[in-house]
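Here the structure is laid out as C-alpha cells; the discussion comes afterwards.
The values are calculated or read from the model by the stated rules, or taken from the named source; none is laboratory data. What you see is a predicted model; the values in this text were computed from it and never measured. Here Cβ is always computed from backbone atoms with ideal geometry, including for glycine, and neighbour counts include all displayed protein chains. Each accessible area value is taken on the protein alone, full model and side chains, heavy atoms only, with ligands, DNA and RNA left out. Shrake-Rupley method; radii C 1.70, N 1.55, O 1.52, S 1.80 Å.
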Amino acid sequence: MLWRSHDPKFAEIFSKHIALSIKAAEELKALFSDGSFKQLRLTRISELEGQADLLVKECHELLDRSFITKLDKPDIVFLIHELDEIIDFIKSMVWRLRIYHVEKFRPECQTFAEIILAMTQALGPALNNLYRLKNKAVRELVVKLKDQEEKSDHLLYEGLEKVYRESKDI
C-alpha cells in the first residue's frame with residue numbers, strides 16, 4: 001500500500017540496532033574486565049556488527065519503499081548511520097587491539113568501556129522519546145550523554161598524562 005507509513009518498522013530497526021550496540025559494548029567491557037585480549041570477544045563483536053549492517057541495509061530498503069515518514073528521510077538515514085558508527089567503532093577498536101598485539105590493558109580502559117556502555121544504553125530511551133516527540137525528555141537524555149562524553153574526555157587526558165609520566169622512554 002503506497003500511503004501506509006512504515007514508521008513502527010523504522011523504530012523497530014533502530015531498537016534492534018541499539019540492542020546490538022549494547023551487546024557489543026557489553027563485550028567490550030567484558031574484554032577489558034578479562035584483563036587480556038580474547039579472540040572470542042573479537043569474534044562476538046564482529047558477528048554483532050555484521051547483524052547491525054544487515055539492519056542498516058533493511059532500513060535503507062524500507063526507506064526506499066516509504067512515502068511519508070514521521071521523521072524526515074534524511075534524518076532517518078543520518079540516525080541509522082550514526083547508530084551504526086557506534087558498533088563499527090567498537091569493532092574497529094577491538095581489531096586494533098589484536099593488530100597491535102595489545103595483551104594487557106590499562107585500568108582506564110575498563111572505565112572507558114563502562115562509559116561507552118552507559119551511553120549506548122541511554123540511546124534506547126532517547127529513541128523512544130524521539131519517536132513519541134517528547135522533546136523535553138530527549139533534551140534531558142542528550143545532556144546526560146554530553147556529561148558522559150565530558151567524563152570520557154577527562155579520563156582520556158588523565159590517562160595520557162599517566163602514560164607520559166610512567167613512560168621510561170621519554
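Laid out as a table, the results:
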read-out	value
One residue from F89, F67 being open to solvent by 70 Å² or more (accessible area, probe 1.4 Å) and not in a helix (DSSP H, G or I)	F67
The range 124-139, residues that are under 17 Å from A25 (Cβ atoms) and open to solvent by 40 Å² or more (accessible area, probe 1.4 Å)	P125
Selected residue [open to solvent by 80 Å² or more (accessible area, probe 1.4 Å), among the β-branched types (V, I, T) and part of a helix (DSSP H, G or I)] from V56, V94, V142, V77	V142
Count of the range 12-47 residues which are open to solvent by less than 30 Å² (accessible area, probe 1.4 Å), more than 16 Å from R98 (Cβ to Cβ) and of a type in the set (A, V, I, L, M, F, W, C)	5
